[in-house]
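The values are calculated or read from the model by the stated rules, or taken from the named source; none is laboratory data. Small disclaimer: the values here were computed from a predicted structure and weren't measured. Heads up, the Cβs are rebuilt from the backbone with ideal geometry, glycines too, and the neighbour counts pull from every protein chain shown. In case anyone asks, the SASA skips ligands and DNA or RNA and just uses the protein heavy atoms, side chains included. Shrake-Rupley method; radii C 1.70, N 1.55, O 1.52, S 1.80 Å.
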Amino acid sequence: MTADMLDDALSEIRIALLEADVALPVVKKMLAEIKDKATGQKIIDNIKPAEQVAKIVYDELVNILGGESQVTNHTSQIIMLVGLQGTGKTTTAGKLALHYKKSGRSVTLASTDIYRPSAREQLEMLARQAGADSLPIIENEKPADIARRALKENKSDVLIIDTAGRLQIDEALMTELRDLKKILNPTDIMLTADAMAGQESLNVAREFNNQLGITGLIMTRADGDARGGAILSMRCETGAPVLFTGTGEKIGDIEPFYPDRVASRILGMGDVVSLVEKAQEHISEKDAENTMMKMFSGEFTLDDMMKQIKQIKKMGSIGALIKLIPGMSQMAGALKDKATDGAINKQMAIIQSMTPPERAHPEIILASRKARIASGAGVSVRDVEALLKNFEKMRSQMKQLSSFGSPDKLMEMMKNMPGADS
């Protein structure tokens, strides 16, 4: 592979990394290393140089991010959670408690955040939700005294200490955290890293690591529109493994960190596995079967369409889902105005403004009915017409599927197609 070929391919990769909020110094270092690896490599037949470079970059990203999930090999006894204010530390403490409880370990939560109003009460509530113990609150107690009492009274397998944060790093915060580290002697100091932190994430990770020595990272707000470049920067800076990913606001919304999935998202390649898992989590097998049977029987109605819309809404924001679809992440910005939650809500409002007979037989919806539906939904007649047009297009495509006879017959035909097993 020549230097010119590499430069062309790497320029696109550079843009993808920067758009994913990977810090510029990290991008420069990575691309220099990748250029050294790729220069002189033989071009594989039928593979474009850009695609070959993308594969090298992907493999390098997976390697940098940890290669495989680190959670199964990771055990903790005393966890000290640190991070800036607003990165989800307290919620993450509750999520971790539930995670360890599910694995059969007893957990106690304690908060040394005496500054943010109701921070300790919030953690106490999260402990109850997780079925974990919490350190009783004593008014006017200093953070250091809370830490000593937590150590003395703890009888659980895992002790999780939620610490105070600031809007930005300052000496008072770091002094307090250093003192807590001396008292607790934690087995882990985990930094909560906001996936949407952007370029500043590198400086945040550097400062916390220099002052405390970070042993693990937790990526929060991974369900948002960010592609996860910030966590790559933090991983490169600290060398600490990324252990968990926060995937929503509920206490159960936490999962092990998967380097290969995040590498795909950073490069704009999507994340099909996460998309399928989201669908399985929110759409039951029975509902999926019923929908498939209706598609094949030609009985699919606007009521069924509304059920599908509701199921999609349960899976998260449309912008975040688009980024999980291979090839769509580059279009996500352009689609934001068209594929927002607002657009989905508009479609639901239109269908809900119809009468049951209209939803079952949309062919009866003529001019006067369209005007009434538009008025009821607070939209234009053109919006109603667009929805009906999309519905008819869906139904037409479903009729084509029905020519195969049944879902089982279609699947059997697909298995028997040439190359299906290759």
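Descriptive notes on the structure:
- Residue list for segment 173-182, restricted to those being touching a residue at least 24 places away in the same chain (Cβ under 8 Å) and either assigned to a loop (DSSP other than H, G, I, E, B) or open to solvent by less than 50 Å² (accessible area, probe 1.4 Å) (or both): M174, E176, L177, L180
- Segment 126-144, subset out of contact with any helix residue (DSSP H, G or I) (no Cβ under 7 Å at 6 or more places or on another chain) and in contact (Cβ under 8 Å) with a residue 12 or more places away in the chain, residue surrounded by the most Cβ atoms within 10 Å (Cβ to Cβ): E141
- Condition check for V53: surrounded by 14 or more Cβ atoms within 10 Å (Cβ to Cβ), at pLDDT 80 or above and touching a helix residue (DSSP H, G or I) at 6+ places or on another chain (Cβ under 6 Å): no
- Only one of the numbered conditions (1) over 17 Å from the mean Cα position of the chain (by Cα); (2) within 22 Å of D260 (Cβ to Cβ) is violated by A195, and that is (1).
- Taking the numbered list (1) at positive phi; (2) out of contact with any Ser or Thr (no Cβ under 9 Å at 6 or more places or on another chain) in turn, E200 passes all entries but (1).
- Residue match in segment 337-349 (condition: of a type in the set (S, T, N, Q), within 32 Å of the chain's Cα centre (by Cα) and modelled with pLDDT under 75): yes
- Residue check, S69 modelled with pLDDT under 80, open to solvent by less than 20 Å² (accessible area, probe 1.4 Å) and assigned to a loop (DSSP other than H, G, I, E, B): no
- Condition check for D113: of a type outside the set (V, I, T) and farther than 20 Å from R221 by Cβ: no
- Check on I169, of a type in the set (A, V, I, L, M), at pLDDT below 95 and open to solvent by 20 Å² or more (accessible area, probe 1.4 Å): yes
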